[in-house]
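The values are calculated or read from the model by the stated rules, or taken from the named source; none is laboratory data. All values reported here derive from a predicted model rather than from experimental measurement. Methodologically, a virtual Cβ is constructed for each residue, glycine included, from the backbone with ideal geometry; neighbour enumeration extends over all protein chains shown. Accessible surface is based on the protein model in full, side chains and every heavy atom, while ligands, DNA and RNA are left aside. Shrake-Rupley method; radii C 1.70, N 1.55, O 1.52, S 1.80 Å.
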Amino acid sequence: MKQTILITGGAGFIGSHVVRLFVEKYPDTQIVNLDKLTYAGNLENLSDVDQKPNYTFVKGDIVDRQFVQDLFEKYQFDGVIHLAAESHVDRSITNPIAFVETNILGTVNLLHAARQVWDGKMEGKRFYHVSTDEVYGTLGATGLFTEETSYDPRSPYSASKASSDHLARAYYHTYDLPVVISNCSNNYGSHQFPEKLIPLCINNIKAGKALPIYGDGKYTRDWLWVNDHATAIDTIYQNGVLGETYNIGGHNEWKNLDLVHLLCDVMDEELGKPQGTSRELITFVKDRQGHDRRYAIDSSKIARELGWEPSVTFQEGLRASVKWYLENEGWLDNVTSGAYQKYYETQYKD
Ligand code: NAD
Ligand code: TYD
């Protein structure tokens, strides 16, 4: 193997797409997937690549500093793509401490271990920290987040991710650690845990359950197909300039209610039901505390400097995603049993 890359959080939604892309595209590179396998981590996501000779899975917690240090010493990684995180805003509202531990402490443990092991031999190394547009806070009706937008995180999740971004930059400036960062908008696609809006609605439509819309449903997100996020991560890992930040987005803003309407219509078509059937399940529920009104990304820097653009329209990506969830009922059944049921009852009780 020419190189060894550590991917953290590779059993999660985005991480599994990144692992698959790297394992298949770079057969001479050893990919080590480090994941704690929390409720959001699922090795089934990687069943199509886990037998490849250039793939290794390690179960472990990035919060465990000694474990992380030992792992870096054992594998002598050439690069790191760090995705492991607690990622759901609603969970961060009920349990912020877990977000501080994994997202902040876990990130600094990885930065610290990389600095120790790469000391005096930073040449050719790369630490890629994957982050979110939510660090920029919330927008009014107009405007876009650029790489220069000031940080203004407003949920425990976004505050913990903002903190991890600052630490990654601090390691670049203070210790010359070869850091690159990206901040991406909301992802959708296959293998997403059904606590997030799109797979939650797909799962509920299948079950004939209510589709919970927070507040007035006019909250706006900029949606990107997860496979396109994975190609952006590959592009930045290979060609991004050290010390730089790249915003990644889909030029694809939707108000939640409009998005759910479209999703209902696609589901009706795919399930062979009369148009309008699924829309009847829409139910307005209590708003999220501190709910950010609008996110929208200016991704012109990555387009201009690295030549990356999304490859599909939202209509194409959404239909492909719907088809995947309908064709992979077993996956949905496995992840929605047990602990998820309990979470769902608590989150949507009022
Ligand atoms: P996810 O919740 O689906 O997956 C997170 C993965 O990290 C899981 O496999 C989990 O087991 C693992 N993990 C959690 N805590 C860990 C720990 N302490 N040690 C080791 N592994 C641990 O999240 P996702 O949606 O795939 O997001 C991945 C990354 O991308 C996150 O850093 C997130 O902030 C960022 N991001 C997500 C989105 C989005 O829309 N989902 C958008 C932009 C950025
Ligand atoms: P989510 O998928 O949780 O992503 P994020 O909060 O990181 O943007 O939510 C996307 C949008 O959908 C957000 O405005 C909250 C809203 N939402 C609902 O209206 N109902 C729901 O049940 C969920 C999970 C989210």
> Given charges of +1 on the Cβ of Lys and Arg and -1 on the Cβ of Asp and Glu, with all other atoms neutral, how large is the dipole of the stretch 242-350 about its Cα centre, in debye to the nearest 20?
Replying inline: 340
> In nm, to one decimal, how far is the modelled label at Q289 from the one at T56, with both set 7 Å along Cα→Cβ?
Replying inline: 4.3
>> Could you give the length gained by full extension between K349 and F67, i.e. 0.36 nm per residue of separation minus their alpha carbon distance, to one decimal place?
In response: 97.6 nm
> Counting only heavy atoms of protein chains, what accessible area per residue, in Å², does the chain have with a probe of 1.4 Å?
Replying inline: 41
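Roughly how big is the stretch 37-171's charge dipole about its Cα centre, with Cβ charges of +1 (Lys, Arg) and -1 (Asp, Glu), in debye to the nearest 20?
260
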> Which value, in debye to the nearest 20, describes the size of the charge dipole of the chain about its Cα centre when Lys and Arg Cβ atoms bear +1, Asp and Glu Cβ atoms bear -1, and nothing else is charged?
Replying inline: 360
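If I stretch the segment between K2 and L326 completely, what's the gain in nm (0.36 nm per residue apart, minus their alpha carbon distance), one decimal?
Details: separation 324, 0.36 × 324 = 116.64 nm, distance 3.93 nm.
Extra length available between K2 and L326 comes to 112.7 nm.
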> Got a sec? Charge dipole of the stretch 98-239, +1 on Cβ for Lys and Arg, -1 for Asp and Glu; which of N183, L110, I198 is way out at the positive end?
Replying inline: I198
> According to the square roots a ≥ b ≥ c of the eigenvalues of the Cα gyration tensor, what is the shape class of the stretch 281-350, taking rounded for a/c under 1.5, prolate for a/b larger than b/c otherwise, and oblate for the remainder?
Replying inline: oblate
> Of all the accessible heavy-atom surface of the chain, with the other protein chains kept in place and a 1.4 Å probe, what percent is carbon and sulfur?
Replying inline: 49
> So how far, in whole Å, is the C-alpha centre of the stretch 183-215 from the one of the stretch 277-329?
Replying inline: 10
> In percent, what relative contact order does the chain have, based on Cα pairs under 8 Å that are 6 or more apart in sequence?
Replying inline: 17
> Classify the stretch 269-318: rounded, prolate or oblate, from the alpha-carbon gyration tensor (a ≥ b ≥ c, eigenvalue square roots; a/c under 1.5 rounded; otherwise prolate if a/b is larger than b/c)?
Replying inline: oblate
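Quick one: order M1, M267 from most to least accessible surface, probe 1.4 Å.
M1, M267
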> Which shape class applies to the stretch 71-172: rounded if a/c is under 1.5, otherwise prolate when a/b exceeds b/c and oblate if not, where a ≥ b ≥ c are the square roots of the Cα gyration tensor eigenvalues?
Replying inline: oblate
>> Given the options G317, V80, I248, identify the residue whose Cα lies farthest towards the positive end of the charge dipole of the chain (+1 on Cβ of Lys, Arg; -1 on Cβ of Asp, Glu).
In response: V80
> Points 7 angstrom from Cα along the Cβ direction at D216 and T174: gap in nanometres?
Replying inline: 4.4
